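What follows is a set of notes on a single structure, which appears directly below.
The values are calculated or read from the model by the stated rules, or taken from the named source; none is laboratory data. The structure displayed is predicted, hence computed values, not measured ones. Every residue, glycine as well, gets a Cβ built from its backbone with ideal geometry; the counts of neighbours run over all protein chains shown. For accessibility, only protein heavy atoms count, side chains too; no ligands or nucleic acids. Shrake-Rupley method; radii C 1.70, N 1.55, O 1.52, S 1.80 Å.
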Number of protein chains: 4
Amino acid sequence: MSKSRLEAFSDGVLAIAITLLVIEIHPPELHPGETLAQALWAQWPSYLAYLVSFLTIGVIWLNHHRVFTQVARVDGPLLLLNLNLLLWTGLIPFPTAVVAEHLHGGGEAARTAAALYCGVLLLTSVAFGALFAWVTRDDRLLGRRPPAEVIRAARRRFMLGLVVYAAALALSWVSAPLALVLCGLMALYYAFDQASVPAASEPDAQPPTRRSA
Amino acid sequence: MSKSRLEAFSDGVLAIAITLLVIEIHPPELHPGETLAQALWAQWPSYLAYLVSFLTIGVIWLNHHRVFTQVARVDGPLLLLNLNLLLWTGLIPFPTAVVAEHLHGGGEAARTAAALYCGVLLLTSVAFGALFAWVTRDDRLLGRRPPAEVIRAARRRFMLGLVVYAAALALSWVSAPLALVLCGLMALYYAFDQASVPAASEPDAQPPTRRSA
Amino acid sequence: MSKSRLEAFSDGVLAIAITLLVIEIHPPELHPGETLAQALWAQWPSYLAYLVSFLTIGVIWLNHHRVFTQVARVDGPLLLLNLNLLLWTGLIPFPTAVVAEHLHGGGEAARTAAALYCGVLLLTSVAFGALFAWVTRDDRLLGRRPPAEVIRAARRRFMLGLVVYAAALALSWVSAPLALVLCGLMALYYAFDQASVPAASEPDAQPPTRRSA
Amino acid sequence: MSKSRLEAFSDGVLAIAITLLVIEIHPPELHPGETLAQALWAQWPSYLAYLVSFLTIGVIWLNHHRVFTQVARVDGPLLLLNLNLLLWTGLIPFPTAVVAEHLHGGGEAARTAAALYCGVLLLTSVAFGALFAWVTRDDRLLGRRPPAEVIRAARRRFMLGLVVYAAALALSWVSAPLALVLCGLMALYYAFDQASVPAASEPDAQPPTRRSA
């Protein structure tokens, strides 16, 4: 299995999952005496869920790409761990739709919807952590091993994600919207963190490493 | 982050968003005494919205490609600005569906639907303008800086888009269908404008620049 | 605009359109006293429409690829003609869904559904013919001009398509299922015709031509 | 037809089919007195079907990739056999949706749904077997013929698939859920079998073979 086809397939699944999110935002049905503007406002959970899920999948894509720039060789377990990550990421549109439908009503339904949402993100996070742990376990799969402190920092970020998503899961029972907002903040943090890495430190900038795919 | 994976992911999202538009055109339900032909004609807002949105996303793709032929280096803010552009472009099927469902009825619903549609296109346009402004801010991200008048002309075209989409948004309150038609004319103008650039002036024709991705 | 990104975007749209066809085959709702097996059989127009549309888009992809192996240079009109082809091809899931829903009932609805279907295929065929005519108009866009008899044979095949789809459109008023079957036979003919070209005559086999993209 | 575009198109269709599976998991409608948690649990056939179908399409992708690493030349029949494989694989979301809707009720509907599901997987398996048989029929399409025992082992795996899917089809009449579980075990077996092949034996690791695409 070449790295380039693994990346192309993963990019395809992530691009489709992120774009499918929109079809869970349905045009509202108008109740008697309701204006379309009111009906559109009442759908705010759909927009919030779209935003948080879009950011989350976008960050998974950024992070997936970053991890694979380090990978020089793909083995069997990595194939399976990657399929496992795609399985959970590809599922995200489902809890997104559940949240969009049930967050507004409050009560048990809103709490359960938020807990499902946070739970799927937590499992996605576990799946990504497992993939990362396998890749950085030793030097067999890496082209050029990054410095130890870089790997430690990346592991801390994965741990942070696990903790935050678990906290969001717990928070679902207190306030469903806040749990979603916490997931969104996590994605924003990851996005800005990813974006702050100086481009010069990317192995991509070195043609021989890039072409070894 | 390599430019080629950024382009591949963006192409994927744009190709999916443009193709998903069709699933918002539903086969009509027949009312008693209505022929299928009549029911199909009555769905004209769906076809108009499909056409305008298809042209708009098609033009975003053409333009995205043109901008990135100039880019030699991708930094963090560009990643985020690109995700932001994809977020708004990926949302377009939603206002398209709202317009398809509510334009026909007229009144507040038609006006609100058209305003939502024009508003999302306006925000997409702002997102693209921000990306372009970042890319052309200085020479750091560019492979070979285009002549100043070329950049000025491109900025004028972005400004024109902002003005026209804002005008379409205002026009929504007068005539919802006309607002849509104005958005369609804007996309047509961009399409023919893109198509009129002589191929010889494309950096793409120069292998070294293209391969620097 | 490089040929490779034009091909990648077109491949994306065609792959998505062909795969979206399946979501128009809905799990049947059971009426009282009806078994699932009966309900599944009653949906035969959905399967027929899936099959014919899948073959048709598959053949468009094969043919698109074949045409672009000859193309060495992309100009503005070709970009627009290609977007126009994708617009019609991307629309195919809609008439497919209309046929799937209305073919079974017979009468005006079945005839109109089949006519819509054949009409969209006819317009797709016109769009492809226009693209092909532009590409082969003179030598400006071609890497290595194919022999004149090859181009004449390709033009005859396009003409044949126009005639057959127009005949299928007319046949819709006589028998809607037969009109669909005629479209399917046309796609099958194209598929076997494409497949019978000896691989050795493909410009693809010559690295310099392929790399000129 | 170049191998690389055939692979890219196939990857696209497989990535989309695997990601579309999620839109068949609908947010549950709440009956009076039912909690969302109960409604979500009641949807277990949707999750089971998603899991089995995801694994199955994932394994088809892995296997497709493996077969094509050996292919050096694409001929007409291979094009058609590949389209045929994509036709059946692209159909998988439909029986997945039927199973998700009808497995829970039991009785004839559950049995028929499971039989449809297993039947489509059986036909997909036949389609893949036909493609593999054509590729390995003689040396014309292969870059470097794998050792005879490798091909024999691969043929045994295809035969095993046919037998297991036929057994699952028969098992549908006894227990619909068990039939699904058997299909899932088959996919798991294939996944671990694929993953156990040492990376070193991949032709991909040899740049000249890989570039001959």
Item to complete: Can you tell me the 0 to 90 degree angle between the C-alpha axis of helix B:44-70 and the longest principal axis of chain B, rounded to 10?
Response: 0 degrees
Response to the item:
Tilt, helix A:3-20 to longest principal axis of chain A (alpha-carbon atoms), in degrees rounded to tens, equals 10 degrees
Fill in: Residues whose placed amide H lies under 5 Å from that of D:Leu142, excluding near-sequence neighbours
D:Ala72
Response to the item:
Once D:Glu24, B:Glu34, D:Glu101 are ranked on solvent-accessible area with the largest value leading and a 1.4 Å probe, the list reads D:Glu101, B:Glu34, D:Glu24
Item to complete: Whole number in Å², please: accessible area per residue of the protein assembly as shown, 1.4 Å probe, ligands, DNA and RNA not counted.
Response: 38 Å²
Discussion item. Springs between alpha-carbon pairs under 10 angstrom, Gaussian network model over chain C: which of C:Ser53, C:Ser125, C:Ser196 fluctuates most?
Written reply: C:Ser196
Discussion item. Measuring nothing but label to label, 7 Å from Cα along Cα→Cβ, what are D:Pro32's distances to the other copies in nm, shortest first?
Written reply: 2.0, 2.0, 2.8
Worksheet item: In debye to the nearest 20, how big a dipole does the protein assembly as shown give about its Cα centre with +1 on each Lys and Arg Cβ and -1 on each Asp and Glu Cβ?
Response: 3600 debye
Worksheet, complete the sentence: A 1.4 Å probe over the protein heavy atoms gives the protein assembly as shown a carbon and sulfur accessible-area percentage of 68 percent
Worksheet entry | A:Leu30 versus D:Leu185: modelled label distance in nm, points set 7 Å from Cα along the beta carbon direction | 5.7 nm
Discussion item. Placing the label point 7 Å from Cα along the Cα-to-Cβ direction, what are the distances from A:Ala166 to the equivalent spots in the other copies, shortest first, in nm to one decimal?
Written reply: 5.0, 5.0, 7.1
Practice prompt. For chain D, find the longest principal axis of its Cα atoms and tell me its angle to the long axis of helix D:176-196, 0 to 90°, nearest 10.
Written response: 30 degrees
Practice prompt. Just read off the accessible area of C:Thr35 with the full protein assembly in place, 1.4 Å probe, to the nearest 10 Å².
Written response: 50 Å²
Practice prompt. With θ set to phi - 60°, apply the Karplus curve 6.51 cos²θ - 1.76 cosθ + 1.60 along segment B:26-39 and write out the HN-Hα couplings as whole Hz, x wherever there is a Gly or Pro.
Written response: 8, x, x, 8, 8, 7, x, x, 9, 7, 5, 4, 4, 5
Worksheet item: Which residue fluctuates the most in chain A, going by a Gaussian network model with Cα springs under 10 Å, if the choices are A:Leu36, A:Leu62, A:Leu21?
Response: A:Leu36
Item to complete: Apply the Karplus parameterisation 6.51 cos²θ - 1.76 cosθ + 1.60, with θ equal to phi minus 60°, to every residue of segment B:160-169 and state each ³J(HN,Hα) to the nearest whole Hz, in sequence, with x for glycine and proline.
Response: 4, x, 4, 5, 5, 5, 5, 5, 5, 4
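Can you tell me the FRET efficiency between C:Glu149 and D:Arg152 if r is taken as the Cβ-Cβ distance and R0 is 35 Å, rounded to the nearest 0.05?
That pair, C:Glu149 with D:Arg152, gives E of 0.15.
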Fill in: Accessible-area order (highest first, 1.4 angstrom probe) of the listed residues B:His64, B:His102, C:His104
C:His104, B:His102, B:His64
Discussion item. Using each residue's phi in segment C:85-102, evaluate 6.51 cos²θ - 1.76 cosθ + 1.60 at θ = phi - 60° and report the 3J(HN,Hα) Karplus result to the nearest Hz, with x for Gly and Pro.
Written reply: 4, 5, 4, 6, 5, x, 7, 3, x, 5, x, 4, 5, 5, 4, 4, 8, 10
Worksheet item: Going by a ≥ b ≥ c, the root eigenvalues of the Cα gyration tensor, does the protein assembly as shown fall in the rounded group (a/c under 1.5), the prolate group (a/b larger than b/c) or the oblate group?
Response: rounded
Practice prompt. List the residues of segment A:104-131 whose backbone N lies under 15 Å from a point placed 7 Å from the Cα of D:Ala42 along the Cα-to-Cβ direction.
Written response: A:109
Worksheet item: Which residues of segment A:41-62 show a drop of at least 50 Å² in accessible area when all protein chains are present, compared with their chain alone (probe radius 1.4 Å, heavy atoms only, ligands and nucleic acids excluded)?
Response: A:Tyr50, A:Phe54, A:Trp61, A:Leu62
Worksheet item: To the nearest 10 square angstrom, how much accessible area does C:Met159 have with a 1.4 angstrom probe?
Response: 120 Å²
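Averaged across the residues of B:3-13, what count of C-beta atoms belonging to other chains lies within 10 Å of each residue's C-beta? Don't jump to the answer; show the numbers that get you there.
Numbers: counts 1, 2, 10, 3, 2, 8, 9, 1, 8, 16, 9.
What the average comes to for B:3-13 is 6.
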Practice prompt. Whole Å is fine, so just give me how far the alpha carbon centre of segment C:28-72 lies from that of segment B:28-57.
Written response: 22 Å
